[in-house]
Amino acid sequence: MEHAAHAGRAETLSREQFERFYAQTARPLRSYICRVAGNATIADDILQESYVRLLSAPPLLEAQRKSYLYRTATNQITDYHRARSRHRRWWQLAARRDEALDSRVELPPDVERLFALASEQERALLWLAYVEGADHREIAGILGLKEKSVKVLLFRARRKMEEILKRDGFEGSHE
């Protein structure tokens, strides 16, 4: 009963509450970061910084913590890509996407290849929807989009993946 009473009001996390929350969210968040960033090397740094920012944030409702955490990680991934892009322009280096992905979720090679062909936003949308099982409202909160936009963008991302699969001769079964 006490848990239900606290669910409706913002509160600072106790050490025990944080440890429990971390145990529930760290693995899925790291997998998300790896896939969206396309770089496992930075995943641990972004993961750690996301939790530090959560602990530094004003008190949040229990239901808001996961969205805050994923939104923070998504923003850091975006910042990482912007900085990396500036660095590449500065040194006039070509982009490298051959970094090995280290993730707790194993994906078949064809799915890995599809993720490599998707944009950062498409990877985030597809991962959150189909791996994390997030609904449109949750995805909108995490990615800073409108809920209706998520529906359209997710549809487009799925359509793009279907077109790539058909183009490459994969027909699969549509049961």
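Please treat every number below as a calculation from the coordinates, not as lab data. Keep in mind that what you see is a predicted model, and the values were worked out from it rather than measured. Here Cβ is always computed from backbone atoms with ideal geometry, including for glycine, and neighbour counts include all displayed protein chains.
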*For the range 20-67, with equal point scatterers placed on the C-alpha atoms only and solvent neglected, what are the log10 I(q)/I(0) values from the Debye formula at q = 0.13, 0.14, 0.17, 0.21 1/Å, to two decimals?*
-0.30, -0.35, -0.51, -0.74
_Label-point gap, in nm, between Ala116 and Val152 - each point 7 angstrom along Cα→Cβ_ = 3.2 nm
*Quickly work out the Glu162-to-Ser56 label distance, labels modelled 7 Å from Cα along the C-beta direction, and quote it in nm with one decimal.*
4.4 nm
_12 Å beta-carbon shell around Leu13, net charge (K/R +1, D/E -1)_ = -1
*Gln24-Arg137 pseudo-label distance in nm [points 7 Å out on the Cα-to-Cβ vector]*: 1.7 nm
